[in-house]
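Read the structure below first, then the notes.
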Ligand SMILES: [Zn+2]
C-alpha cells in the first residue's frame, strides 16, 4: 500500500487544482476511500494551500498598499520639487530685480563733462553757482574744502547722480557758494576735477533778472522770519509753547503773493533758462543743448 499512497499523494496537487486526468482523479478518489492516512494528508495539504492563498492575498493587498504609498510619495516628491523650483525661481527673480535697482540707484559722482557749471556774482558779493545736467538726475550736490598744498583752500563742488539715471530728466541746481573770497580756487568734478575759478579772476556779474530773483527771495525769507517771530511771541504770551502755528488768512494771502512773485522771477533769469549753458559750459551734447 505504501506505493499507492505515494502515487496518490503525488497526484493530489493536480486534483486540487482540477487539472488531473479523469483516470488520475478516479485513482485518487478510490485510494482516499480506503486510506485514512491519505485523507488526513489531503486535508492537511488543502489547509496549507488555503493558508498560502490567504497569505498571498495578504501580500497582494500589502503590495497594493505599498505601491499606492509609493505613488503618493512620488506625487509628493514631484509637488515638493515644483514648489522648490518655484520658490527658487521667485527668489532669483526678486534678486535680479533687487540687483538691477541697486545697480541703477548706486550713486556716482558726475564727471565735469556730464554737466555745466556757471558762477554769477550778485552786487552784494554773494556768488551763485548754477549747475545743469543733460538727462541726468542730480541726487546730491555738495561742496567740500580741500587744501591747495600751499596753506590755501579750494572749494570742490561735486554732483552726484545714479548709474541708471539717464535720458529722462534734465536738472538744474542753484547753490550759494560759501564766501568764495576765502578760497584760492573753485573746482568741480570728482576723479579728475576741472577748475571753475581761481583767485584774481573776475566772476561774471549776475543778470538784472537774477538780482531781482534774489531780491524776491530775500523778501519771502524776511516775511517768514517776521511771521514766525510774531507767532512765537504770541504763543509765549499765552503760555503755549507748541512748535507749530497757523498763518492768519491775511498772512497766507501775502505769503502766496510773495512765493508767486519768486516763481515768476525765477523763470525770467537768463542764466537759468535751459538752453543757456553758461560761460563755463562743457561740450556735452544733450537735449538741453
Ligand atoms: Zn494511502
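Sorting 149-161, 99-111 by average packing, meaning the other beta carbons within 10 Å per residue, from highest down gives 149-161, 99-111. Label sites at residue 238 and residue 105, each approximated as a point 7 angstrom past Cα along Cα to Cβ, lie 4.2 nm apart. With coordinates expressed along the principal axes, the C-alpha atoms belonging to the chain extend over 145, 58, 39 Å, beginning with the largest.
How far, in nm, would the chain grow between residue 264 and residue 209 when pulled straight, counting 0.36 nm per residue and subtracting the alpha carbon separation? Don't skip to the answer; put the middle values down first.
Working: separation 55, 0.36 × 55 = 19.80 nm, distance 1.05 nm.
Stretched fully, the residue 264-residue 209 segment lengthens by 18.8 nm.
Dividing the summed -39500 (n - 2.57) terms of all DSSP H runs of n ≥ 4 by the residue count of the chain sets its mean residue ellipticity at 222 nm at -18500 deg cm²/dmol. If you plug the beta carbon distance of residue 92 and residue 160 into 1/(1 + (r/R0)^6) with R0 = 41 Å, you get a FRET efficiency near 0.85.
A Förster radius of 22 Å, combined with the Cβ-Cβ distance separating residue 10 from residue 55, puts the computed FRET efficiency at roughly 0.35.
For region 106-206, the gyration tensor built on C-alpha atoms gives an oblate shape. Its axis ratio a/c (a ≥ b ≥ c) is at least 1.5, and a/b is not larger than b/c.
Hey, with R₀ at 45 Å, roughly what FRET efficiency would residue 39 and residue 68 work out to, going by the Cβ-Cβ distance, to 0.05?
Working: r = 43 Å, r/R0 = 0.96.
The computed FRET efficiency comes out at 0.55.
Annotation: extensible slack from residue 140 through residue 245 equals 34.7 nm (criterion: 0.36 nm per residue apart, minus Cα-Cα distance). When only alpha carbons are used to place a centre, region 171-192 and region 63-91 end up 66 Å from one another.
Relative to the dominant Cα principal axis of the chain, helix 2-17 is inclined by about 40°.
Counting only alpha carbon atoms, the long axis of helix 36-104 and the longest principal axis of the chain meet at about 10°.
Helix 249-268 and the longest principal axis of the C-alpha atoms of the chain enclose an angle of approximately 90°.
We did not get these values from a lab; they are worked out from the coordinates using the rules stated. Remember, it's a predicted structure, so these values are computed and weren't measured experimentally. Reconstructed Cβ throughout: ideal geometry from the backbone, glycine too, with neighbour counts over all protein chains shown.
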